[in-house]
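Asks: Once you've had a glance at the structure underneath, I'll fire off some questions.
The values are calculated or read from the model by the stated rules, or taken from the named source; none is laboratory data. What you see is a predicted model; the values in this text were computed from it and never measured. Cβ placement follows ideal geometry from the backbone for every residue including glycine, while neighbour counts extend to all protein chains displayed. Accessible surface areas use protein heavy atoms only, side chains included; no ligands, DNA or RNA. Shrake-Rupley method; radii C 1.70, N 1.55, O 1.52, S 1.80 Å.
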Amino acid sequence: MKKNLENRRSFLAKTALSAVGMVAGLPVVFGRNLPENISPIGFLKDEEVLPGKHPDLTILNNRPWNVETPAHLLNDDVTPADKFFIRNNGIPPATTDVNSWTLEISGESVKQVKSFTIKELKSKFKTHSYNLTLECGGNGRAGFYPSASGNQWTEGAVACSKWTGVRLKDILQDVGINADAVYIGYYGKDTHLSGDADKVVISRGVPISKALEDETLIAWAMNDEDIPAMNGHPLRLVIGGWPASVSGKWLSKIVVRNIVHDGSKMEGDSYRVPKNPVQPGEKVPLEDFKIIESMPVKSLITYPKTGAILSMDKKLNINGQAWAGDLEVSGMQISIDFGATWQACELRKPVNRLAWQHWSTEVQFPQSGYYEIWAKATDSEGKSQPMVIPGWNPKGYLNNSCHRIAVKVG
Ligand SMILES: Nc1nc2c(c(=O)[nH]1)N[C@H]1C(S)=C(S)[C@@H](COP(=O)(O)O)O[C@H]1N2
Ligand SMILES: [Mo]
């Protein structure tokens with residue numbers, strides 16, 4: 001185990017532990033210059049800090065928790081709970097009692113305000129399950145130059161798990177919504193970092209048309225178990241294909257609005273990008289931003305792991321996952337020559353709409369040496385992933401450039 005790590009680091013010095021400059025909130029002094037045989041992750045007693053999470057997840061911040069999943073740990077078609085990334089904007093609620101938890105439906109466009117316990121949700125409405133891809137709008141932020149402030153996500157702020165709950169549309173039908181309803185917004189029970197109880201951590205939402213899709217769930221289970229504490233237990237809004245910031249955790253209230261929801265992080269430069277393309281580094285007036293809707297087409301190579309040392313004598317099986325926001329992925333290609341030539345991959349159909357799709361292929365390397373493997377997905381409207389970092393924007397959203405890994409064949 002240790003040995004492999006050292007080998008890998010010597011030929012790909014930056015990939016293995018580059019994100020670990022901060023461990024458990026304490027800056028690791030000269031974290032990037034640690035002796036080769038010391039893993040800063042080893043300082044972390046994972047049972048102390050992140051129960052139920054895989055020890056190899058990368059901690060970007062612990063106040064609030066922001067933790068990403070290395071690409072090679074996203075090989076499962078259904079992301080297990082321990083490999084599901086965490087993006088907290090505030091402090092998770094201290095107590096989450098399933099029996100007393102309620103969901104209120106209110107807002108100016110509901111016919112009546114109604115409240116449901118989780119038990120009532122389960123008994124009143126039909127239960128549905130969907131595999132849904134959740135990707136943080138800032139996934140890939142680390143790639144932008146000039147750099148954007150915020151968590152420096154590389155590739156791993158994405159997951160696709162099985163979510164179980166009731167359709168938001170069934171609840172809204174029961175409550176009754178007015179014809180002027182244009183948007184929904186969520187509120188959760190996490191608290192603001194400042195400790196100010198009146199400050200809302202995050203309250204985002206989607207247009208009513210997206211809210212009423214079959215796959216938009218109020219979920220109490222992930223992968224047939226309770227939702228993990230950090231991922232929203234006991235109740236969560238889950239909306240696939242859009243920035244995961246619309247999937248409200250620790251959900252306590254949904255409001256139906258007759259205006260575009262104006263909750264915390266709906267306005268300013270939060271989860272918004274310039275309406276027109278801008279020069280990298282340009283200052284953009286706030287009135288020139290628009291809300292991010294569907295996420296763009298993207299893919300990951302989840303096997304092999306970057307830094308792998310492979311043998312020349314057999315074909316290498318390469319595989320990964322691909323997704324395309326509201327659309328389906330229709331094609332998948334890889335290149336082992338920096339994009340000069342591309343080879344088509346096998347691509348599975350999604351299990352259901354808004355679920356990521358597994359892809360695989362085999363390659364025979366022409367000779368020994370160093371290679372990069374690049375992966376490129378194309379969506380059902382013919383749009384592909386760019387090979388270089390696309391559309392610079394002030395907050396570093398929507399980087400869907402090709403995932404690249406490095407391997408040595410020898
Ligand atoms: N209540 C609440 N919901 C939230 C957040 C939050 O901080 N509080 N973060 C949002 C963001 S920005 C993302 S990317 C996803 C992350 O979901 P995860 O932590 O389960 O991976 O949750 C969203 N829902
Ligand atoms: Mo996010």
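Asks: Restricted to Cα positions, what overall size does the range 216-372 have along the principal axes? Three whole-Å values, descending.
Replies: Result, largest extent first: 62, 46, 27 Å.
Asks: Moving to a separate point now. Classify the range 201-274 as rounded, prolate or oblate, taking a ≥ b ≥ c as the square roots of the eigenvalues of its Cα gyration tensor: rounded when a/c is under 1.5, otherwise prolate if a/b is larger than b/c and oblate if not.
Replies: It is prolate, given that a/c is not under 1.5 and a/b is the larger ratio.
Asks: Let me ask another. Once you put a point 7 Å from the Cα of S368 and another 7 Å from the Cα of A406, both along the Cβ direction, what distance in nm separates them?
Replies: Each label point is offset 7 Å from its Cα along the Cβ direction, giving 1.9 nm.
Asks: How large is the dipole of the range 298-409 about the Cα centre if only Lys and Arg carry +1 and Asp and Glu carry -1, each at its Cβ, rounded to the nearest 20 debye?
Replies: Once rounded to the nearest 20, the dipole reads 240 debye.
Asks: Identify all lysines with a Cα-Cα distance to K395 below 17 Å; exclude those on the same chain that are fewer than 8 residues away in sequence.
Replies: Output for K395: K265, K275, K283, K290.
Asks: Further, regarding this structure: Among the listed pairs K119/K298; K122/K189; K122/K383, which have their C-alpha atoms separated by more than 30 angstrom in this model?
Replies: K119/K298; K122/K383
Asks: Taking the Cβ of N223 as the centre, find all other residues whose Cβ is under 12 Å away and add up their charges (Lys, Arg: +1; Asp, Glu: -1).
Replies: Here the charged neighbours net out to -4.
Asks: Excluding P386 itself, what net charge comes from residues whose Cβ is under 14 Å from its Cβ, given Lys and Arg +1 and Asp and Glu -1? Before the final figure, lay out the partial values.
Replies: Values: positive: K298, K376, K383, R404; negative: D379.
Summing Lys and Arg as +1 and Asp and Glu as -1 gives +3.
Asks: Another one. All other residues with a Cβ under 9 Å from the Cβ of N89 taken together, and with Lys, Arg as +1 and Asp, Glu as -1, what is their net charge?
Replies: +1
Asks: In square angstrom, rounded to the nearest 10, how much accessible surface does K126 have for a 1.4 Å probe?
Replies: It works out to around 130 Å².
Asks: So how do Y145, Y183, Y370 rank on accessible area, 1.4 Å probe, biggest first, that is with the largest at the start?
Replies: Y145, Y370, Y183
Asks: Which of the chymotrypsin sites (Phe, Trp or Tyr not before Pro) found in the range 322-352 are in a DSSP loop and have at most 10 neighbouring Cβ atoms, other than their own, within 10 Å?
Replies: Counting only loop positions with at most 10 other Cβ atoms within 10 Å, none of the chymotrypsin sites (Phe, Trp or Tyr not before Pro) in the range 322-352 qualifies.
Asks: Working out 0.36 nm times the residue gap between Q343 and D313, then minus their Cα-Cα distance, what length gain in nm do you get to one decimal?
Replies: Extra length from Q343 to D313 when fully extended: 8.8 nm.
Asks: Classify the range 252-324 as rounded, prolate or oblate from the Cα gyration tensor: take a ≥ b ≥ c as the square roots of its eigenvalues, call it rounded if a/c is under 1.5, otherwise prolate when a/b beats b/c and oblate if not.
Replies: On the way: a/c = 4.01, a/b = 2.12, b/c = 1.90.
Cα axes put the range 252-324 in the prolate bin.
Asks: Full extension from T117 to A197: what is 0.36 nm times the residue separation minus their Cα-Cα distance, to one decimal in nm?
Replies: In short, 26.5 nm is gained.
Asks: Same structure, new question: What GluC sites (Glu not before Pro) does the range 337-410 have in DSSP loop regions with at most 13 other beta carbons within 10 Å?
Replies: E381
Asks: Apply the Debye scattering formula to the chain, with a single equal point scatterer on each alpha-carbon and no solvent, then give log10 I(q)/I(0) at q = 0.06, 0.09, 0.11 Å⁻¹.
Replies: Those come out to -0.25, -0.56, -0.84, one per q.
Asks: Between rounded, prolate and oblate, where does the range 339-391 land on the alpha carbon gyration tensor, with a ≥ b ≥ c its root eigenvalues, rounded for a/c under 1.5, else prolate if a/b exceeds b/c? Display every interim value, and only then the final one.
Replies: Values: a/c = 2.68, a/b = 1.46, b/c = 1.83.
Oblate is the answer for the range 339-391, as a/c is 1.5 or above yet b/c matches or exceeds a/b.
Asks: Among G232, P64, S380, whose Cα projects farthest towards the positive end of the dipole of the chain, with charges put on the beta-carbon of Lys, Arg (+1) and Asp, Glu (-1)?
Replies: About the Cα centre, the residue reaching furthest to the positive side is P64.
Asks: For the range 102-291, what is the convex hull volume of the alpha-carbon atoms per residue, in Å³?
Replies: With only Cα atoms used, the range 102-291 gives 131 Å³ per residue.
Asks: Now for a different question. Can you give the accessible area of E293, probe radius 1.4 Å, in Å² rounded to 10?
Replies: Estimated to the nearest 10 Å², E293 gives 90 Å².
Asks: Same structure again: Over the alpha-carbon set of the range 77-215, work out the extent along each principal axis and list the three values in angstrom, largest first.
Replies: 48, 40, 34
Asks: Rg/Rh for the range 298-409: what does it come to with C-alpha atoms and Rh from Kirkwood?
Replies: 0.99
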